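Since the structure comes first, as structure tokens, the remarks are kept for the end.
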Amino acid sequence: MDIQQRIAAFVEEVPVVLFMKGDRMFPQCGFSGKAIQILDACEAEYETVNVLSEDEVRQGIKEFSNWPTVPQLYVAGQFVGGTDIMTELYENGELKQVIDAIQDSE
Amino acid sequence: MECEVIKQLIEGRLAESEVEVTGDGRHFEATVICDEFAGKGLIQQHQLVYGVIKAEMADDSIHALSLKTFTRETWQRANP
């Protein structure tokens with residue numbers, strides 16, 4: 001399984017997953033830290049992947065979503081966005097809706 | 001990288017776009033007005049902008065770029 005297949009399988013399997021720098025206890029960059037705050041504010045149940053621990057994931061995730069930066073949020077296998085879009089969706093209530101819909105269907 | 005350089009890069013490569021850039025030399029914020037965004041979701045709009053500065057994002061000369069995207073119409077509505 002190459003890195004793209006590994007990522008695809010992982011985002012399909014885990015309902016809400018954030019690819020980030022560091023982890024939820026120790027985010028290693030401001031944008032990743034903000035993404036964690038947003039997910040916590042949504043009371044989301046989510047997993048994180050620390051892209052700093054594996055360079056193949058760090059480069060592979062950018063190719064997978066055609067998105068040049070981390071963090072990247074995936075819900076139900078779909079790329080939702082980085083910190084910018086997460087913030088905008090959170091502020092208009094859409095993000096919590098999307099996450100609740102997934103977690104209610106679990 | 002300089003804000004002015006990023007403005008020129010995006011305006012030069014994204015047809016008929018108007019761009020304002022602020023930032024601290026590594027982390028930047030840009031407002032981009034372009035009618036090509038019409039009918040596209042937020043992700044696609046941002047991918048259009050990132051796509052024209054892919055190399056500069058990849059080699060970290062632009063470490064982070066926060067985006068606000070508008071068509072001319074949505075810009076006028078937001079700024080009467």
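Just so it is clear, none of the values below were taken in a lab; they were calculated from the coordinates. All figures in this text were calculated on a predicted structure; none of them were measured in a lab. Here the Cβ positions follow ideal geometry from the backbone for every residue, glycine too, while neighbour counts run over all protein chains shown.
Among the numbered criteria (1) out of contact with any strand residue (DSSP E or B) (no Cβ under 9 Å at 6 or more places or on another chain); (2) surrounded by 20 or more Cβ atoms within 10 Å (Cβ to Cβ); (3) among the aliphatic types (A, V, I, L, M), which single criterion is violated by A:Ala41?
(2)
Restricting to helices (runs of 4 or more DSSP H) lying wholly in segment A:1-81: which have 1 or more residues that are touching a helix residue (DSSP H, G or I) at 6+ places or on another chain (Cβ under 7 Å) and farther than 22 Å from B:Ser66 by Cα?
Passing ranges, in order: A:3-13, A:55-65.
May I ask you to list the residues in segment B:5-31 that are aliphatic (A, V, I, L, M) and either without any contact (Cβ under 8 Å) to a residue 12 or more places away in the chain or outside any helix (DSSP H, G or I) (or both)?
Matches in segment B:5-31: B:Val5, B:Leu14, B:Ala15, B:Val19, B:Val21, B:Ala30.
For segment B:32-50, indicate whether the set of residues that are without any contact (Cβ under 8 Å) to a residue 12 or more places away in the chain, assigned to a loop (DSSP other than H, G, I, E, B) and within 10 Å of chain A (Cβ to nearest Cβ) is non-empty.
yes
List every residue pair whose Cβ atoms sit under 8 Å apart, with the two residues 6 or more apart in sequence or on different chains, where the first one lies in segment A:44-73 and is touching a residue at least 60 places away in the same chain (Cβ under 8 Å) and the second, anywhere, is surrounded by 21 or more Cβ atoms within 10 Å (Cβ to Cβ) and assigned to a helix (DSSP H, G or I).
A:Phe64/A:Ile7
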